[in-house]
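See below for the structure under consideration.
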Amino acid sequence: MSVKIIASAAIRGAHKFVDKAEEQMKQAIDKFGAEHEVGFPNTAYYLPIIFGMLGHKVEKLKDMEPVIKRCRLLLPPPVKEKLHLPYLGQVLDAGMSTLFAQEVIESIRYLNEPNFYLQSEDVTDDNIWLGAADDVIMRKRGVEFVDGTAPGFAAIVGSAPTKEIAAEMALELQKKNLYVFMASEHNGTCFSKQLVEAGVQIGWNTRLVSFSPDVSGAIFAVGFATRAAMSFGGIEPGDYRKILIYNKDRVFAFVLAMGDVSDEWYATAAGCINYGFPTIADTPIPEILPTGVCTYEHVVSNIPHNEMIAKATEVRGLKVTVAEVPVPVSYGPAFEGERVRGADIYLECGGGRTDMCEWVHTVDMNEINDGDVSVNGPEMTEVAVNEKGKRLGPLAIEVKVAGRKMESDYEPILERQIHHLINYAQGIMHIGQRDIAWLRVGNSAIEKGFKFADIGRLLHAKLHQDFGAVFDKCAVILHTNQDAVTEILAKAREAYKTRDERVGGMKDETTDMFYSCTLCQSFAPSHVCVISPERTGLCGSYNWLDCKASYEINPTGPNQPVEKGEVLDQVLGNFKGVNEFITKASRGNITSYNFYSLMQEPMTTCGCCECIAAVLPMCNGIMTVNREYKGETPCGMKFTTLAGTMGGGISSPGFVGHSKYNITQRKFIAGDGGFQRLVWMPKMLKEELYDRLKVRGEEIGIPNFVDLIADETVGTDEETVLNWLTEKGHPAVTMDSIIG
Amino acid sequence: MAKQEKTPQDRSIDQATIQTLEIAQANKVMTCFDRLDSQEPGCKFGTQGLCCKNCAMGPCRIIVGKEGKDRGVCGATADTISARNFIRMIAGGASAHSDHGRNVAETLLKVATSDKSDYQIKDEQKAIKVAMDLGIEVGDRDIKDICKEIAEVSLAQFGQQHGELKYIAKAPIKRQEIWRNLGVVPRGIDRETVEIMHRTHMGVDHDPEHLLLQGARCALSDGWGGSMIGTELQDILFGTPEPLTSQVNLGIMKDDTVNISVHGHEPLLSEMLVAASLDPEVLAYVKSKGATGVQLGGICCTANEILMRHGVPIMGNFLQQELALATNACDAMIVDVQCIFPSLPSVAACFHGSIFTTAHIAKMPEAEHIEFDTDNALETAKKLIMRAADNFPKRPKGKVNIPQVTEEFVAGFSHETINYMLGGSFRASYRPLNDNIINGKIRGVAGVVGCNNPKVQHDNVHVTVIKELIKNDVLVLTTGCGAIAAAKAGLLKPEAAAEFAGPGLAEVCETVGIPPVIHMGSCVDNSRILIAATAMVKEGGLGDDLSDLPACGSAPEWMSEKAISIGQYFVSSGVYTIFGVTFPTLGAEGTTKELFEHMEEQYGGKWDFEADPIKHAQKMIEHIDKKRKALGIDKARERVLADMDARREIS
């Protein structure tokens, strides 16, 4: 067996792909015209691999011609049988040209067969092919790569010998928190089809993503990785070397080749090796063991299916620490997005159907025993079935914590964990928090023996694991009888109220210590968030209190105290101590930024922001757009384009990233005139924040302000919006010029 | 006891050499092998470095330990005399390489300032890179304009009197500091050679250590000066080499072609001969003489130069120059400078071919001189080929003996191509090389370079040393006549990895698709090895200086002063360097200690000597193992698995 076999096959495969891409491009140009637009849906990254590697934008069919030309230059001649020339570099080039060609092929498929791929996160009964992840999915999922809930992905090509083996492997990958990206067939079936046949829920929500029935669909995985480097890593398109090294060092992905490895598979695998993604095969193909382009081996073969994933993580150099949680179902972030619905539901609590609440509160050390879990009322299987055949029951989850370092400020932080910690359990679905929580337990979980008490056990185990530094003891009571739930609900609501008043009362002016957040530095090395009480983290996940607690828990962790220092400009929010910190943290790239302005030295953005605000000069105001909104905006750019141009740790005046919550905080763009400058936001965002927007309007003395904010139903061009604002008498129109 | 006559089989391991040597003997033609026999036993004093003829009070011959005979007339000791002789050899070698570099720079200047030069700027990317190395503004300047400045700046390096040579800055920072602390950073190229001649003049510098420091400074002006200018600027003019295949040995000559041997060192003429050999006018003339075409074949480093860039086959190495003529198939041998036997015209007289000298500095009484002028390069080249073609009909019938011996091989490795072949266009780097040295699949890297010497069995020492090294997983980089020896022995074929290399090296060779022995070019191209070694240091994981690398150098069949200069610049660059055949200071203990011991304290690299090829290779491997241990890579390392925290720590 020889590496030369791989080299020859990969180069042959690359030639086939480039030939095919060229032919398809020519046909498409004949059919649609050279000026016809082409691309993947809803993305600011064009054909992302080509854009990332070459800095070349493919917007129209004619833009593919230079790409094909480049492929031809990259394509090496076949490997000679005897006296061959060095081929490793050539094979890698062949692999890269394969990826370019595959992007051409797949994007033309979007033209020829517009409905071949779904444009959603979920599969349907008659179509499981998800195709390219749009920027909304990429950002949402990318954040999980950023914060570590997903360390990487497994790109699976082919199929397992049986659907049972496929299901077992998928579950193992899910337990290791990895995404599974699937493409290509073997033996007339695909891994993703096998999962469906085995009754496994697939789609983005369960991290089992069925891209395509063809191996060319693997570029959706590689394109995802390429975009992560540009979006989160702040690497410029065309800076191919940095993008590839970023992936080698930070995106822990690998290829699992399941079945006979064809020339086309070899060529695709060669493309992946450029990114440092090795291939692990279940067939006895030649191996490439010496290291260098990947972190460790490049191709490892003939691995039994029950060892493949362990081998793959070892070869990729990935350490996955899976917490043992004492519950009878599988447990981990991969199960967070799994749904429980319809006939699958065994039991339901909350969600407006019954009372439900979650409450964490501090007690004296001697009041509880650590690890005590009790169920006050009926267990899941004892809940009665109602006349409609449904099992509905009230639930109050009361978590008591105690410890010398425990502060009441940490209670809401612990409480907020309950949502995802419960959701991590396979077969359990959790929505909401506090008194609007909603729990569904699936039949599959009950079959495995899941009980209310398990919720207590998993909360105890996970809270200890993640927050053990701030408390010593934790006990959980699951109240499931109506009287007790009513009583706890009243106490909990009292606590929520007190808490909100305390947090709401915190002001930047009276706080001397802010916190940095470098949680996403594993992915976005050039950006540093600084979080103050009135400017929560732009990703929406971290507020000032969270940072404070995080620092207490892990003093050398990603949240460090930043002395506010001398106030250089109270209106714009410019602080000497913060400036000094960011100068150091950005290695001198950014020496100053303002907390409350988007016009002057705005804060940098990592690409994980929930919303982006942009100036609308004609309207004399600002708009903001959330990442879920896919449509056009009056500033002329969709969210994806905005995020693409300003992610990666640069300060770009006229634009700023922020969280949804921040919109109704008192200091929101206070330096540019404040909340009353807000003239446009998507309808969906307005609806989501409606109550808080209304309260904030009252605070600034314009009770109907929320109704003065335009949305896409008014228009997505500045002029239409301006006319509407003028007509409505929006205050921004008559304010001082925002351009200064 | 009667002296045993040496057979051709004793002289060489190369079949083509053996066969043609038999023909030469049958024709009673004297070759270097016969002349060596006549010379032996050689002067004992000269061999040991104990003879001084620098003034007319001598020659003085030193007998160490014998009172009255242990000093020269002036009072010079064995150590003073041997150190002086040694650095004079460096001066000789460095001036040869540097003059080569100067000629290239002058040609580049002509190309850059003229519209009608026969040469052109072939590698613009390289020109831009060189410009940046030399601190020359690139901007959006015209490439000719940039090259003009490159040539001017390079030429100025030769006559520079103060400061530091520019390419010194390409070395690892730590290395530069060592040189500065020892005061051996060359001020200019020519100045260091002149200073050696001055210091070794009667009655000037008598301190062996002090003399050897100047020797180091002069050698550095070769390796990081003249030679490097030669290589870099040749790449601009003629293109940076890329991997290619070719053939080697006297069997490349054909019965029906005009066979022309190009012998010497500089590629200026040979590049034009390649172009002229394809010229329609020339081909028509050649056909009119009854031949089907022109077969060029190189000898010595000219061979390597046109091989690396055009794949022109190699006729042979240094000791085959006379034998090429003995085939009666070599219609002409066109020579320029260095390593050319003055015996060639007399050997040629016994056969049908002609010798043409072409360099204005190098003539032979009985050879025809057709001076090569870079202003009229193509015309001269065409004329030379046509003169060779005139000899084609004169081949004596029935007396043409082309040995049917050839071997195929892969060559064309440069720093740039190594970088590419290890990672492709998008991930080019030395990382895989460093990684596999760190993980022990490759034990280390050895440069095996240099000449042939009839005192040892031709090619045998090169081939034996190289085989022993690769068997022990040492990757070999080779240049010069050593590279040709390795090519003839089949060691430059990728298939040689499985046959001759240890399992670790073989695995890496198979992964990259390379032979276990990498042909890096001519002897000025040893500067490529310096650049490659520096790239390894800069890639990281193998220390922070050249002397930290598990690497060493060897010239197992050396004979020329150039070899001493190369050896010294390798030693001064921190590389353990071992020579075979003989060593020119062995009679002087103090000087030898300076070279073999003290230099290791000064430079981290040192000289060594071992004639036995296996022991020679073992000493190299010992040194590599010593360096591996110092780096802490002598033991297997645990695989590091990264979690999120580890990834956050990547800056």
Share of Cα-Cα pairs in the range B:11-61 beyond 14 Å, whole percent, is 66
Here, the range A:206-360 modelled as identical Cα point scatterers in vacuum has Debye log10 I(q)/I(0) at q = 0.16, 0.21 Å⁻¹ of -0.99, -1.44
What is the Å³ per residue value for the convex hull set by the Cα atoms of the range B:78-238?
105
Rounded to the nearest whole number, the Stokes-Einstein translational diffusion coefficient of the range B:507-552 at 25 °C and 0.890 mPa s (Kirkwood radius, C-alpha pairs) in µm²/s is 205
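Rg over Rh of the range B:43-123, using C-alpha atoms and the Kirkwood radius, what does it come to?
Values: Rg = 21.8 Å, Rh = 15.8 Å.
Dividing the radius of gyration by the Kirkwood radius yields 1.38.
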For the protein assembly as shown, what does -39500 (n - 2.57) per DSSP helix run (n ≥ 4), summed and divided by total residues, give at 222 nm, in deg cm²/dmol to the nearest 500?
-12500 deg cm²/dmol
Over the range B:395-444, the quotient of the Cα radius of gyration and 2.2 N^0.38 Å is 2.10
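Calculate, in whole percent, how much of the Cα-Cα pair population of the range A:333-497 lies beyond 22 Å. Let's see the in-between values first.
Numbers: 5107 of 13530 pairs.
Considering the range A:333-497, 38 percent of its Cα-Cα pairs are separated by more than 22 Å.
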Cα-Cα over 25 Å, subset of A:400/A:497; B:254/B:394; A:193/A:638
A:193/A:638
Rg over Rh of the range A:293-344, using C-alpha atoms and the Kirkwood radius, what does it come to?
1.13
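Counting only other chains, and only Cβ atoms inside 10 Å, what mean value do you get across the residues of B:511-521?
On the way: counts 17, 10, 13, 5, 2, 0, 0, 1, 0, 0, 0.
Mean shielding count: 4.
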Per-bin percent of Cα-Cα distances, the range B:415-631 [5 Å]
1, 8, 16, 21, 22, 17, 9, 4, 1, 0, 0
Whole-number D in µm² s⁻¹ for chain A, Kirkwood Cα-pair radius fed into Stokes-Einstein, 10 °C, 1.306 mPa s:
58
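Given 37 °C and 0.692 mPa s, how large is the Stokes-Einstein diffusion coefficient of the range A:124-280 in µm²/s, with Rh as the Kirkwood radius over Cα pairs? Let's see the in-between values first.
Details: Rh = 15.5 Å.
For these conditions, the coefficient is 212 µm²/s.
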DSSP loop (so not H, G, I, E, B), at most 15 other Cβ within 10 Å: list which trypsin sites (Lys or Arg not before Pro) in the range B:381-421 pass both filters.
B:397, B:399
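Just subtract the alpha-carbon distance of residue A:365 and residue A:73 from 0.36 nm times their residue separation and send over the number in nm, one decimal.
Value of the extension gain: 98.0 nm.
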In cubic angstrom, how much convex hull volume per residue do the alpha carbon atoms of the range A:46-143 span?
147
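Take the alpha carbon atoms of the protein assembly as shown, find their radius of gyration, then divide it by 2.2 N^0.38 Å using N residues; give the quotient. Kindly include the intermediate steps, with their values, before the conclusion.
Numbers: Rg = 38.6 Å, N = 1391, 2.2 N^0.38 = 34.4 Å.
Its radius of gyration relative to the 2.2 N^0.38 Å reference: 1.12.
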Taking residue B:170 as the anchor, which lysines have their alpha carbon closer than 22 Å to its alpha carbon, excluding any fewer than eight residues away along the same chain?
B:126, B:129, B:148, B:538, B:606
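With the cut-off at 41 Å, report for chain B the share of all Cα pairs above it, as a whole percent. Numbers along the way, then the final one.
On the way: 53361 of 211575 pairs.
Tail fraction, whole percent: 25.
Run through every distinct alpha carbon pair of the range B:250-394 and return the Kirkwood hydrodynamic radius in angstroms, one decimal place. Each step should come with its number before you reach the end.
Working: mean 1/r = 0.0690 Å⁻¹.
Value: 14.5 Å, from the Cα pair sum.
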So what are the range A:513-734's ellipsoid semi-axes, whole angstrom, largest first, if each one is the square root of 5 times an eigenvalue of the alpha-carbon gyration tensor?
30, 17, 16
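Using the 10 angstrom Cβ neighbour count as an exposure proxy, how do B:31, B:113, B:327 rank, fewest first?
On the way: B:31 23, B:113 14, B:327 26.
Taking fewest neighbouring Cβ atoms as first place, the list is B:113, B:31, B:327.
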Skipping prolines and chain starts, which residues have an amide H placed within reach, meaning under 5 Å, of the one on residue A:129, given they are 5 or more residues away or on another chain?
A:118
Checking the cross-link filter: which aspartates and glutamates have an alpha carbon closer than 17 Å to that of residue A:176, excluding same-chain neighbours under 8 positions apart?
A:144, A:147, A:168, A:307, A:314, A:324, A:336, A:338, B:643, B:645
Here the whole-number average of other chain Cβ atoms within 10 Å per Cβ of B:488-500 is 1
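Can you give the convex hull volume of the alpha carbon atoms of the range A:419-468 per residue, in Å³?
Given the Cα convex hull of the range A:419-468, per-residue volume reads 76 Å³.
Checking a compactness column here: for the range B:121-216, what do you get for Rg(Cα) / (2.2 N^0.38 Å), N being the number of residues? Before the final figure, lay out each step's value.
Values: Rg = 16.9 Å, N = 96, 2.2 N^0.38 = 12.5 Å.
The value comes to 1.35.
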What are the lysines whose alpha-carbon lies under 25 Å from the alpha-carbon of residue A:26, with same-chain residues fewer than 8 places away excluded?
A:16, A:57, A:60, A:62, A:69
Cα centroid separation, the range B:14-35 to the range A:22-68 (Å):
67
Per residue of A:266-276, other chain Cβ atoms within 10 Å number on average 1
Could you give P(r) for the range A:192-248, binned at 10 Å from zero, as whole percent values over all Cα-Cα pairs?
22, 37, 27, 13, 2
Output ordering of A:88-96, A:652-660 (per-residue mean of other Cβ within 10 Å, highest first) is A:88-96, A:652-660
Expressed in angstrom and rounded, the centroid-to-centroid distance over alpha carbons for the range A:95-158 and the range A:656-675 is 34
For the range A:485-639, take the convex hull of the Cα atoms, compute a quarter of its surface area, and give me that in nm², please.
12.3
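Every number in this text was worked out from the coordinates using simple rules, so none of it is lab data. Quick caveat, the model's predicted, so the values are computed rather than measured. All Cβ positions, even for glycine, are placed from backbone atoms using ideal geometry, and neighbour counts span all protein chains on display.
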